[in-house]
1. Across the stretch B:101-113, in residue order, what do the Karplus-derived ³J(HN,Hα) couplings come to in whole Hz, using 6.51 cos²θ - 1.76 cosθ + 1.60 with θ = phi - 60° and x for Gly and Pro?
2. Just from the alpha-carbon atoms, what are the Rg and Dmax of the stretch B:3-112 in angstroms?
3. For A:N18 paired with B:L113, estimate the spin-label separation in nm (one decimal), with each label point 7 Å from Cα along the Cα-to-Cβ line.
4. What percent antiparallel are the DSSP beta bridges of the stretch A:10-112, to the nearest 5?
5. Taking every pair of alpha-carbon atoms in the stretch A:10-112, what share in percent sits in each 5 Å bin, from 0 to the bin with the longest distance?
6. Compute the separation of the alpha-carbon centres of the stretch A:57-90 and the stretch B:58-113 and state it in Å as a whole number.
7. Quick one: work out the % antiparallel among DSSP beta bridges in chain B, nearest 5.
8. Cross-link list A:K37/B:K79; A:K56/A:K93; A:K42/B:K80; A:K100/B:K80; A:K37/A:K100; A:K71/A:K100: which exceed 24 angstrom alpha carbon to alpha carbon?
Amino acid sequence: GESVGLHLPTLSVQEGDNSIINCAYSNSASDYFIWYKQESGKGPQFIIDIRSNMDKRQGQRVTVLLNKTVKHLSLQIAATQPGDSAVYFCAEKPETSYDKVIFGPGTSLSVIP
Amino acid sequence: SQTIHQWPATLVQPVGSPLSLECTVEGTSNPNLYWYRQAAGRGLQLLFYSVGIGQISSEVPQNLSASRPQDRQFILSSKKLLLSDSGFYLCAWTPVWGGDIQYFGAGTRLSVL
């Protein structure tokens, strides 16, 4: 289910370093995964997605890795910038769910200048 | 292009007062619509979703209700607010043709005093 009652884990990264944000998903039947970025006081924005028939997908400065064996998803941000400071959510869509996705608890990323 | 609007951006209401938050989507037809609540420093809790006019699915029993009087309008209401209703309320939409990426509005920050 949704981990809405948990406080956000935090990650602090030096500007210019790479960031790795991890997510453990719950449903082995999930076939689609999405990463969102939420800046303070704003709604979440789509970053990148991946289907279960892939194990890696790259975007601009971001890479998503999927390990179905251990039900683990990660978001890698290259050369982290101050503008990357935000809360990052992973979301999974079970193949039996037609209209809803399940959001993870989120990770707060702070970039140290 | 499609846009989603939420208002008001912030709201301070006394306990026991009614609530009406509105969300509208432009540039698409028959979207799936969602209401989420986010407590400070926490994850996203799905409250309601709708796949069509007059069709509302409730995810969490609570003091709130939702309505969809028009195709692209989604309203979150309460007859009597509780302190625990405070939070950041987010509206989101997905395309009817099966896209799973949710596009979020800017949110409404509700403080119940």
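Every read-out reported here was derived from the displayed coordinates using simple, explicitly stated rules and does not represent laboratory data. Quick caveat: nothing in here was measured; it's all calculated off a predicted structure. Ideal geometry is used to build each Cβ from the backbone, glycine not excepted, and the neighbour counts take in all protein chains shown.
1. Ordered by residue, 3J(HN,Hα) equals 6, 8, 10, 9, x, 7, x, 10, 8, 9, 10, 9, 10 Hz.
2. Gyration radius and largest Cα-Cα distance of the stretch B:3-112: 13.1, 41 Å.
3. 4.9
4. For the stretch A:10-112, the DSSP antiparallel bridge percentage is about 85.
5. 3, 13, 25, 25, 19, 10, 5, 1, 0
6. 28
7. Roughly 90 percent of the beta bridges in chain B run antiparallel, per DSSP.
8. Beyond 24 Å between Cα atoms: A:K37/B:K79; A:K42/B:K80; A:K100/B:K80.
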